[in-house]
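The values are calculated or read from the model by the stated rules, or taken from the named source; none is laboratory data. None of these values were measured; they are calculated from a predicted model. Counting neighbours? That spans all protein chains shown, and the Cβs are built from the backbone with ideal geometry, glycine included.
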Amino acid sequence: MITKIFVAIAIAIAAFTLTAGFGQQAAVVLRQEQQTQYWPRRGTQLSGVYQGNRWVPSSVRSSYSNFRGGGPASGK
Amino acid sequence: MASPAQIHRVGRYTDPFFHLLWLITGGMIAALIIGTGWGKTLLSTTVRVTPDQPYTCPPIELRSNAIGAFRADVEAIVPTNRWLTYELQLKDAQGQVILSALKQAWAESGTWSEEGESGSWAENDLLAGLDVRAGKTEPVTLTLAVLDYSDTSGQELEQPVSFTITVTEGAVDTRYLWAGLVGTTLLGLLASFSFGKSGRLVIQRRTPDSEVGGRAILGGAKNLVRVYLYIKADRSAPPNLTVQLSITDSNGTEIYNNHHTVNLQQQKSDGKVTSARGQLCKFFELAPRDSYKFYAIVSPANSIDNTKIQVREKSRTLWPVEVTTIQASL
């Protein structure tokens, strides 16, 4: 009896992890404001947010001592 | 009179759901192998980036795939005792930044000494990874920029930093698959250990002696009875013990009486044998349903500390087992 319950749980775990793994649920979705499912890999944090379709770099980047005003996009 | 006991190998009491459970675990292992090899490498290169000169990779097609995602894996190659902040940027065909992500990487080493011992340590965290899914296929460029590079004392460095960049399409997130494999394996193990305790416990008795027994109403058609005998002996016990197990029906007629050999496992503490344990597991089909008495006598008796008997009915097994079938005539 208990193995039936275990099988049901195992199927639920397999279905969820296969969907999330192969479907890349934790990836960043381009041009989507809500990134609630984003799960950073290797401590890589997003440095901005989407506002509408536009990517707005976050102000956290300016806290670096040699910040160069907008990073590589704006040049030096 | 009882008909003679018959011993058969019986698979009827195995639980197919148990095997299904391990099949699911096997499926997760297969998924992990497939998932690891799924992605296709689009770019693999080593570049040098100076703090004021970002590096831009050649344009890459970011495809909208149902399976997997666009993956950029970057590793900074720096000497030890360095702090480094670098950024990955994705730009669209017009050169607009459409995504950026930061990695605070470091590599440190040093020496330690404690209680007369000493050695060196080195640790680092230099890898960055970004997985991206797109709604539509579009050309993108990946740019790598060093925002901050210093030694551990905070001294800014203007030297170039080497990076290895690997871009993959259709990369699968194996973290979920690992989690799924761990989860399903735990369930399989839990189920494996629970089988000894499956069914209904009808007799449980423990005596500080070499003889133990009990009576209960059990048995009937298609009902597997599992008898466990646990023996604890002192250190003077021989390596093998003999257990005489008997079953008596409600009339007092003995329907089973057999001798079994039990190997003892020695328990050690600080290299010295302190005690020894052994167990016996036997399966029966007893018909009709009636009151049966189980009795075990362990010999030689002088070294036995205690014995415990557990009888369960409606038991299940992992694999086909040897079952003693006894038809008692009342």
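Taken across segment B:103-116, residues that are over 35 Å from the mean Cα position of the chain (by Cα) and among the basic types (Lys, Arg) do not occur at all.
State yes or no: is B:GLU108 at pLDDT below 90 and more than 30 Å from B:GLY39 (Cβ to Cβ)? Answer is yes for this residue. Take B:THR248 and decide whether it is crowded, with 19+ Cβ neighbours inside 10 Å and either more than 20 Å from B:LYS293 (Cβ to Cβ) or without any contact (Cβ under 8 Å) to a residue 60 or more places away in the chain (or both). Yes, satisfied. When segment B:35-47 is filtered for residues that are touching a residue at least 24 places away in the same chain (Cβ under 8 Å), outside any strand (DSSP E or B) and out of contact with any Asp or Glu (no Cβ under 9 Å at 6 or more places or on another chain), the ones remaining, listed by number, are B:THR36, B:TRP38. Of everything in segment A:1-39, what is of a type in the set (Ser, Thr, Tyr) and within 27 Å of B:LYS136 (Cβ to Cβ)? Give them in sequence order. Answer for segment A:1-39, where residues must be of a type in the set (Ser, Thr, Tyr) and within 27 Å of B:LYS136 (Cβ to Cβ): A:THR19, A:THR36, A:TYR38.
Residues in segment A:1-56 that are among the hydroxyl-bearing types (Ser, Thr, Tyr), touching a strand residue (DSSP E or B) at 6+ places or on another chain (Cβ under 9 Å) and in a loop (DSSP other than H, G, I, E, B): 3 in all. When B:SER236, B:SER250, B:SER194 are checked against the criterion of being within 23 Å of B:LYS314 (Cβ to Cβ) and out of contact with any strand residue (DSSP E or B) (no Cβ under 7 Å at 6 or more places or on another chain), B:SER194 stands alone in meeting it. Put simply, of B:LYS282, B:LYS268 the only residue that is part of a strand (DSSP E or B), among the basic types (Lys, Arg) and surrounded by 15 or more Cβ atoms within 10 Å (Cβ to Cβ) is B:LYS282. Among the numbered conditions (1) within 33 Å of the chain's Cα centre (by Cα); (2) more than 24 Å from A:ILE5 (Cα to Cα), the only one that B:LEU189 does not meet is (2).
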